[in-house]
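Only one structure is covered here, and it is reproduced in the block below.
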Amino acid sequence: MPRRLPTPEETMRILAQKRTRPARKPPRTAGRSLAKFIKTMDEKFGQGPGVLQARWREIVGERLSRQTEPVKLTKGRAGAPGALEIRVAGPAAALIQHQTGEILERVNLYLGAGAVGRLRIVQGPVKAQALPPSAGGRKRRSVPLDAAAEAELSASLDNAPEGPMKDALLRLGRGVLRNDPERR
């Protein structure tokens, strides 16, 4: 025999009589529990090469940052200065080796006095770093479209009303046609 559901009045009476336990609080996040441990480990072992990679261009300068990148930062034993391993692009290693003192001074200025005492140079490919727009890199002038492509683009926009929208569509069309490898 199927059981009958209570009416709304009976439901209200049942809920008023019975007490339920309050919902449990969710457990604390792991990051919060580990924060103190991570802080002590960071003080003990220091930060890795990630802190240097983020600001490498500022530390060593524009020219050296194009030829080098930090790979590994090794902490010295018993408070001794550590060693920094940097990757250098090909034949520039000999030139970089002569600038070791200057690089060490700049890295120690950033990390703190006596943080790095040795520089280990490893030859290998260096990741290409994007230059910021204000880094003196000139913007290349784009090559204009040939007359036939310009006429075709203008003819396709004849029905568009004059104004900023048509100008924007023309600029967009020129950009697309310039970058089309089939048109070259």
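Coordinate-derived values only; no laboratory data. None of the values given here were measured: they were computed from a predicted structure. For neighbour counting, all protein chains shown are included, and Cβ atoms are generated from backbone atoms with ideal geometry for every residue, glycine included.
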LEU15/THR40 FRET efficiency (R0 41 Å; Cβ-Cβ; nearest 0.05)
0.25
When the helices in the chain are scored as -39500 (n - 2.57) per DSSP H run of 4 or longer and the sum is shared across all residues, what 222 nm value do you end up with, to the nearest 500 deg cm²/dmol?
-13500 deg cm²/dmol
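For THR74, THR68, THR7, what's the fewest-to-most ordering of other Cβ within 10 Å of each Cβ?
The order, fewest Cβ neighbours first, is THR7, THR74, THR68.
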Compute the FRET efficiency between ALA92 and VAL51 as 1/(1 + (r/R0)^6), taking r as their Cβ-Cβ distance and R0 = 22 Å, and round to the nearest 0.05.
0.40
The chain: Rg/Rh from Cα coordinates, Kirkwood Rh?
1.36
Direction-averaged shadow area of the convex hull around the Cα atoms of segment 44-123, nm²?
4.7 nm²
Which FRET efficiency, nearest 0.05, do LYS166 and VAL143 yield, Cβ-Cβ r, R0 22 Å?
0.45
Which part of segment 96-111 falls in the paramagnetic zone of LYS75, meaning amide N under 17 Å from the point 7 Å along Cα-to-beta-carbon?
111
If you take every DSSP beta bridge fully contained in the chain, what fraction is antiparallel? Give it as a percent rounded to 5.
45 percent
Search the structure for amide H atoms under 5 Å from the amide H of VAL88, placed 1.01 Å from N in the peptide plane, and list their residues when 5 or more places away or on another chain.
VAL122, GLN123, GLY124
Roughly how big is the chain's charge dipole about its Cα centre, with Cβ charges of +1 (Lys, Arg) and -1 (Asp, Glu), in debye to the nearest 20?
1600 debye
Among ALA113, PRO125, ALA54, whose Cα projects farthest towards the positive end of the dipole of the chain, with charges put on the beta-carbon of Lys, Arg (+1) and Asp, Glu (-1)?
ALA113
